[in-house]
1. Looking at residue 27, is it crowded, with 24+ Cβ neighbours inside 10 Å, under 17 Å from the mean Cα position of the chain (by Cα) and modelled with pLDDT of 95 or more?
2. Taking only pairs six or more apart or across chains, which ones have beta-carbon atoms under 7 Å, a first residue in region 24-51 that is more than 22 Å from residue 77 (Cβ to Cβ) and more than 16 Å from the ligand (Cβ to nearest atom), and a second residue that is open to solvent by less than 40 Å² (accessible area, probe 1.4 Å) and assigned to a strand (DSSP E or B)?
3. Is it true that residue 248 is modelled with pLDDT of 95 or more, more than 18 Å from residue 203 (Cα to Cα) and surrounded by 17 or more Cβ atoms within 10 Å (Cβ to Cβ)?
4. Within region 165-176, is even one residue more than 15 Å from residue 17 (Cβ to Cβ) and more than 10 Å from the ligand (Cβ to nearest atom)?
5. What do you reckon, is residue 218 touching a helix residue (DSSP H, G or I) at 6+ places or on another chain (Cβ under 7 Å), farther than 21 Å from residue 316 by Cβ and of a type in the set (Phe, Trp, Tyr)?
6. Which residues, counting only those in region 178-189, are surrounded by fewer than 18 Cβ atoms within 10 Å (Cβ to Cβ) and either farther than 25 Å from residue 290 by Cβ or β-branched (Val, Ile, Thr) (or both)?
7. For residues that are open to solvent by 10 Å² or more (accessible area, probe 1.4 Å) and within 16 Å of the ligand (Cβ to nearest atom), tally how many sit in region 1-14.
8. Select from region 251-272 the residues that are crowded, with 23+ Cβ neighbours inside 10 Å and either over 17 Å from residue 224 (Cβ atoms) or acidic (Asp, Glu) (or both) and list them in ascending order.
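The values are calculated or read from the model by the stated rules, or taken from the named source; none is laboratory data. Since the model is a prediction, treat every value here as computed from it, not as a measurement. Backbone-built Cβ (ideal geometry, glycine too); neighbour counts: all protein chains shown. Note: accessible area is taken over every heavy atom of the protein model, side chains too, but ligands, DNA and RNA are not part of it. Shrake-Rupley method; radii C 1.70, N 1.55, O 1.52, S 1.80 Å.
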Amino acid sequence: MDKKVRVSAPGKLMLFGEHAVVYGKPSIVTAVNQRLSLKATVLKDMVFELNAPEVEIINYEKNLVDLGQGVIPKGAKFIEIALMNFFKKNPVKYGVRIETSSEFKATFGFGSSSAATVCTIYALSKLFDINLTKEEIFKLSYKTVLDIQGVGSGFDLAAAIYGGTIFFVTGGKVIKPLPVKSTPLIVGYTGIKADTTTLVNKVNKKLQDNPKEVTGVFASIEHLVLLAQKAFEKADFEKIGELMNLNQSELERIDVSSKQLDNLISAARKAGAYGAKLSGAGGGDCMIALGDFSIRKNIERAIEDAGGQVLRVDVNAEGVKIEKS
Ligand code: MEV
């Protein structure tokens, strides 16, 4: 018994709308061309085996009946709970061995947990010949993320499943591909890993303490996302840059930026970027800038001189897919 499948899913970058998207507002997210890949092999014993060296999981093993029980190491959580949720809906009489590898570090904020969740569900559906639509993959993946984190909009799962650049509303209420071609995006990593749940909870506390102001911020962000959607449709990068700057100001009002992010953002703007903002939860991870291809090198150098690491990625990557094993 060695039926196996190898799949991969892209990482993501939030372009517009972070935080507000947790509260029913729209966002724009793109899939990046750095992928997490996952090989799943059927086992005759009803056990789950996992090797995910990039998150320090080596020879992890559990009986299927114990999935979700006991202490689960951080690096195994999303795959184990995804497996449990899948098997609850689709019981099988076999076990599975999972091995992952990633082209990007889990610390970048590219959504490695989401990509791993999506890959797990997709691989299991292929392995056990269970036809799942993209919506069904999203539903099971989103349940998994909420089971673990309790919070989150699910935008990162949509990027991993659908790929491309998408207009996304909380919980997958709307998932609409945007006609975006090559985008002159520059990505700078602060070197600091942000904890999304902590930042989402911090914004929630702000919302409770100061509902009028924070609701106002969310409404402004929604407006910017809608304008950005139009600007993307026209490939008007100058306009998109301007909207990025405005989105960043709104994020600063809810205090999710950081000194390192501010330094990299201001360096990119001074080097001639159309605009720049943080991407994701804030507090660290990555910033993004948009600048003409002709001055790309200057912007990259400015980000590096300000202490950032430039991550060279392309946007609009393909969603989850089968790879040659
Ligand atoms: C985190 O990358 C983006 C947030 O909007 C959270 C989410 O949408 O799940 C802060």
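1. Numbers: crowded, with 24+ Cβ neighbours inside 10 Å: yes; under 17 Å from the mean Cα position of the chain (by Cα): yes; modelled with pLDDT of 95 or more: yes.
Considered against the rule, which asks whether it is crowded, with 24+ Cβ neighbours inside 10 Å, under 17 Å from the mean Cα position of the chain (by Cα) and modelled with pLDDT of 95 or more, residue 27 comes out as yes.
2. 33/10; 42/96; 45/95
3. Considered against the rule, which asks whether it is modelled with pLDDT of 95 or more, more than 18 Å from residue 203 (Cα to Cα) and surrounded by 17 or more Cβ atoms within 10 Å (Cβ to Cβ), residue 248 comes out as no.
4. No - not one qualifying residue is present in region 165-176.
5. Answer is yes for this residue.
6. Within region 178-189, just 183 meets the criteria.
7. Residues flagged as open to solvent by 10 Å² or more (accessible area, probe 1.4 Å) and within 16 Å of the ligand (Cβ to nearest atom) within region 1-14 amount to 1.
8. Within region 251-272, 261, 264, 267, 268 qualify.
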